[in-house]
Structure formats: structure tokens, C-alpha cells
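Accompanying notes for the structure given below.
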Amino acid sequence: MATRHTLSVAASTLALAASCLAGALPASASTAATFPASVSIAAAPSTSALPTDAEIKEAKKNKDSTNAMIARIEESLASSRAEMQRVENEAAQAQESLLSAGEERDLRTADAKKAVQQLDYAKTYLAQSRKDLGAIASDIYRNGAGNSTLGLLLDDNQDGDLFRKAATIDALSEQQVKSVNTASEAEALVSAWQEYADAAQSAAEDAAANYDSAAATANSTLSTYENAVDPEKKLRDELISNLATLQQKEKAEVRKAVEKKENEEQQAALEEVIATADTAEAPKEAPEAIKPLAVAAPQELEPTEDSKEEATVKPKAVAEPTELETTEDSEEEDTVRPKAVELDTVTPTLAPEPPKSADPEPTKTAEPKPTKTAEPKPTKTAEPKPTKTTEPKPTKTAEPKPTKTAEPKPTKTAEPKPTKTAEPKPTKTAEPKPAPKPQPTKTAEPEPTKTAEPEPESSGKSYSAAFAWALKTADDPSKYYVYGANGPNAFDCSSFSQRAFGQSGINLPRTSTQQFFSAPQHVSLSNLRPGDLVFSSSNGGASFYHVAIYIGNGNVVHARNPSVGISVTPLSWVNNLYSQAARY
């Protein structure tokens, strides 16, 4: 009681001092920066509902007064509990927002760093191309037109025939065009990467500022929650003591009755949610996690590994497996063209596609070979092998032809090139997906704990390893709850479910909201089965701030909050339960 009066006097004294001091200061000095607009202790539950000893004695004089005081205390218990849940929910929501902001900040920062690196590559590529152009110009200046395409056309030397001249002109002009196009491409890449790097840097700065703001909110709400825990427990204990005095019962008995009533109310609320779950709206569209930049990313470059003297770079080849597969049975030149088209779509100036123009050369030289191989194709290509094994024996007249058909040309044309078109690159491009966030390094101890409902009904998926790890972790006093923690000893709700599902080989994203919207299936709470994830939402499913793992028999295992840690509880204990669950 003394503490309660002291706090009141202290608060009054502080308010009086502040008002007097504010009145003594000039108007310009009395600013919000000097003194806060209000002084509040939001974390501590209000003690105004706590009756005094005198009020308790007075209420015991007659039955009506006693019943009225009991009702007042029960109402105070309910409001205190609701206030504590509100503070806890706000802290959880702020931490969820902080996780999302952190992911965006990290992604934007990495993207900006990569853009700067690509800009450096583009500048190096431009310097290389200009050097090549300079070499061509210097060669023409030094040798005159004698070695130029014009000189070849005017050459009357009978030693060279028209076909040789045409091939030489084609080779020289192609090389020169390639160098010119490379320079144009490099200039375009420098310009494009400069623009993209500026946009990426700006986005990274915005994401960092957003993260700082989210961190400030998260720290504030967490502090409010932590400061409210002990006062709420103390207030609840005193209210139950007063209730025991009025009801003339043992305090433990009254506490048990209060908790039973609260559980019944929670169960009734759960049944109401389940009753309306089948008619509830379908899950809303997932919020766009991270918006792409307004500027499209240009064609990437990469350093070459075969350079001995100086570092060089080249555009990174972009190969879509689907396009290469569709053109696999067509002619060889067609199988190369999709790459050039892809580069064109990145920057319009890349139409010449210097890195790819070198590829058609083998296709041109390969064109005469199909015409030769067309003669022996039907029957003779299969016969050379036996004739080789019997060459010493038959010296009969029909053998000159097999010697021609035994030429290695069919075997060469038969398929070095398809092996090129079946490049292993498509298999590499199909692999970016496996980067599982969970770290299933823990042993999947198959403990037969509490999971009375196994998983045969879960359409082939087994959650036994996930349940075993989750239940063991909940029973381990060395494991605890920390907002934003990722293990191995501390977890929050979504990192706990992520790690648990990882034990069963199921990869979950990091945040509660992502875990809901990434699920392949959503089911009503009336159709829950072990392994489903249930969620808390304060905005009708637009986002989520808590996730729990349903283990059957009306129970869930979850990382709850810093004050109670990780445990198994009834499903009804999940606050603001959303009507839909996620099934993986």
C-alpha cells in the first residue's frame, strides 16, 4: 500500500514541477524538445482497479457489497489480462516488421554492392573494346588498304580465286564488325549499369532508413512489454488475494478457479472462430515482399579466367534451358540464336552480340559436311564398323567404297556439336532454388512424445522429425525465446517453426507472414490435422505476427514470448487466431 501512495505522490510532484517550470520559462524555451508533452508509464497496468484494504473490509459487511466487489475484481483481472495481451501483441507485430525490414535492407545492400561491381566490370569491358578498336585502326593505318577488304577486291593476283577472296573478306569484315559492336555494347552497358547502380544505392539507403525506424519501434514496444510483465503479475496476484478474502477461500483454490474460467472463455472464443472459419474469406494475396527497382538490371558481366597478362571481363552468357530444349532438334545455328535474343532484350544495343557471333563460325564450316554425309547416311554409316574388323581378310573389289565411308567425318559431325548444344549450363541455371534458410543440423531425435496423432493422413509427408525436435526443444530449459533470434538456443515463433520443419526436410521462409502466404495449401481451422501451422493476425489476415505448430488433440507447440518461452499449450491460447491454417 505504501508503494502505491508513494508512486501517486511522486507522479503528482513531477507533474507540478513540470508545470511550474514550464510557466516560468519564456514561450520560446518551453518546447517539446526540452520537456516531453506528457509523462506516462504505459507499461505498468493501472492500479486504480485494485481495492484498498478499507474497501475490502467494507464490502464484507453484507452480501450485496461482497458480490459487487467480487465483480469489480473479476473485471479488473480481465482488463489487466487484456492489456497485457495488447502490449505483447504490439511487441510481436513490431518484431515481425523489423524482420521484414531487415531482409529488405540486406537484399538492397547486396544488390547495390553487386551493381557497383558490375559497373566496374562494364568499365573494364569498355576499356578492352576501345583497345581492340585502336589496334584495328592502327593496323589499317600502318598497312594501308593492302590488307583491307577493298585491297582484296582490287587484287588481280591470279593465285587467289574468288572463293578464297570471299572467305577472307567475310572473316575480316566479321572481325571488324565484332570489334565495333563490342565497343558499342560496352558503352551501353556502362551507361545502363551506372543508372542501375544509382537506383540500387538509393533503394539501399531507403531500406536502411526504414530498418532503423522499424528497429526503434521494435525496441520501444519490447521495452514496454518487458516493463509490464512484473507489474501485471503483481497486480493479478493482489486481485486474486482480495478475491480469496471476499470468498473466504484459499488463495490457490481461487487462482485455479480464475484460470479455469479464463480457459473456458478462450475455448469459447476458439469455437466461435472455428464455427465461422468455413465461411470466412479466402486468404488474401500475399503482400509484395520487396518491390523490384524501377530500372531493369542490365546484362551481367564476369571476369574471364583464361587471361594471363591482365584481368579481362566479358558479358555473362544467359541461357534459358527451355529455349535451348525447344531448339535441340533443329539446326545447330538455331540452337545458338536464343542466347543472342536474350541479350538483346536486356539492352537494345546488344543486337550484334559479339560473344555469340563467334559461335556461328563452326556452324558455317559445318554446313558443307552435312552435304557430304548425306550420301552415306542411309546404309553405309552403319557398315564401316564391321568392315574395319574384317579389313585384312576381304580384299574384294567392293572395298574402295567402305574406305570412303569409313572416313571419320560422319563420326565427327555425328555429334560433337549436339554435345555443345546440350551444354551443362541449363542444369546450373536450374539450381538457384536450393538455398534453404533452415539449418537442419540438429539430430532428428525420434522421441515418441505427446504426438498421439501420427502423420499418415498428411498426404505422404511425415512431420515426425519436426514434432520430435519441437517437443524436445520445448522441454529443454536451456532453450528460450528471444525476439529475432535464429537458434541454436534462442528462437522466436517463426524461427522455431522454420527450424522444426527443417528437421523433416521442409523449407519454410523466415517470417510468420511469409510462412502463411508461401504455403501450397490453406485449410479451415475446422479441418486441422497435425503438422498444420496456425497464425495470429490483428488485421484480418493481411499480415501475421505469430505462428504455432498444431500437433493434434487441440494442442500446439510454439515459441510464445520472452516471459513464458517455448511450450505446448492448447490451441485456444493463441491470441487473435486466424481462421485459416497453412499446410505444407
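Observations on the model:
- Residues of segment 562-580 satisfying the condition of being over 24 Å from A228 (Cβ atoms) and out of contact with any His (no Cβ under 7 Å at 6 or more places or on another chain): V568, L571, Y578, S579
- S65 being in contact (Cβ under 8 Å) with a residue 60 or more places away in the chain, touching a helix residue (DSSP H, G or I) at 6+ places or on another chain (Cβ under 7 Å) and either among the hydroxyl-bearing types (S, T, Y) or loosely packed, with under 14 Cβ neighbours inside 10 Å (or both): no
- Taken across segment 559-573, residues that are part of a loop (DSSP other than H, G, I, E, B) and more than 14 Å from D492 (Cβ to Cβ) do not occur at all.
- Residue satisfying condition, being in a strand (DSSP E or B) and surrounded by fewer than 18 Cβ atoms within 10 Å (Cβ to Cβ), within set V523, V534: V523
- Whichever residue in segment 235-281 is touching a residue at least 12 places away in the same chain (Cβ under 8 Å) and among the β-branched types (V, I, T) and, among such residues, is farthest from V574 (Cα to Cα): T245
- Residue, surrounded by the most Cβ atoms within 10 Å (Cβ to Cβ), within segment 275-293, restricted to residues that are over 17 Å from S524 (Cα atoms) and at pLDDT 80 or above: L293
The values are calculated or read from the model by the stated rules, or taken from the named source; none is laboratory data. Predicted model, so just to flag it, every value in this text is computed and none were measured. Reconstructed Cβ throughout: ideal geometry from the backbone, glycine too, with neighbour counts over all protein chains shown.
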